Amino acid sequence: MRFSPSGHPDEPLHIDPRNVAVGAAVSSLLVALLGFGTMAVFQARTPREDGVNIGGALLATLGCLLGVGVGAAFTARRARRRASRPLPEGICAGLLGYLLAVLGVGWLLVVVHDIPPLELLNLLPLLVPGIAAASAGAAIGGRRGRLASRPPGRP
C-alpha cells in the first residue's frame with residue numbers, strides 16, 4: 001500500500017502548475033482591481049493639498065487581502081475538482097498573484113508617475129498578512145461541502 005507524505009492515501013503527490021498559473025492570474029486581477037484600483041480612485045478624489053487619504057489606503061489594503069483570499073479560494077476549489085492538492089496550490093497562487101500585481105502596477109507607477117523603483121519595496125510587508133489571507137482562502141475553498149461529506153442514502 002502506497003501512502004503520500006501527508007499520510008492520507010487519497011492525496012496526490014503532485015501540484016498542478018497550470019492550476020497555479022490560472023489561480024495566480026485570477027488573484028493578480030482581483031488584487032489589481034480591488035486593491036490598487038481602490039487606491040487610484042481615492043487618490044484621484046482627494047485634493048493634493050489634503051495629503052494622503054488614510055481611509056482609502058486602509059480600504060485598498062483590505063481590497064488586496066480580499067483579492068489574495070478569493071484568488072486562493074478559487075484555486076483551491078479548482079484543485080479539489082481536478083483531484084489535486086488544494087491547500088498548497090491555493091496558497092501559492094494567491095501569493096504569486098499578489099506579487100504579479102505588485103510588479104505590474106508598480107511598473108506602471110514607475111513609468112507613468114516617475115516613482116523611484118525602491119519605493120515598491122514598501123508594498124512587500126503586505127505579504128505577511130497576505131500569507132494569512134491566502135491560507136484562509138485556500139482552506140475555505142479546499143474544504144468539502146456539508147452535503148459532500150455525508151454517506152449516500154442519508155439525508
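Any read-out appearing in this document is the output of simple, stated calculations on the displayed coordinates, not a laboratory observation. No experiment lies behind these values; they were computed from the predicted model shown. Ideal geometry is used to build each Cβ from the backbone, glycine not excepted, and the neighbour counts take in all protein chains shown.
Calculated FRET efficiency, Val41 and Arg81, Cβ-Cβ r, R0 25 Å, to nearest 0.05? Intermediate results must be reported in sequence, preceding the final value.
Details: r = 35 Å, r/R0 = 1.40.
For R0 = 25 Å, the calculated efficiency reads 0.10.
Among Asp50, Asp16, what is the fewest-to-most ranking by other Cβ atoms within 10 Å? Display every interim value, and only then the final one.
Numbers: Asp50 7, Asp16 18.
Fewest-to-most ranking of Asp50, Asp16: Asp50, Asp16.
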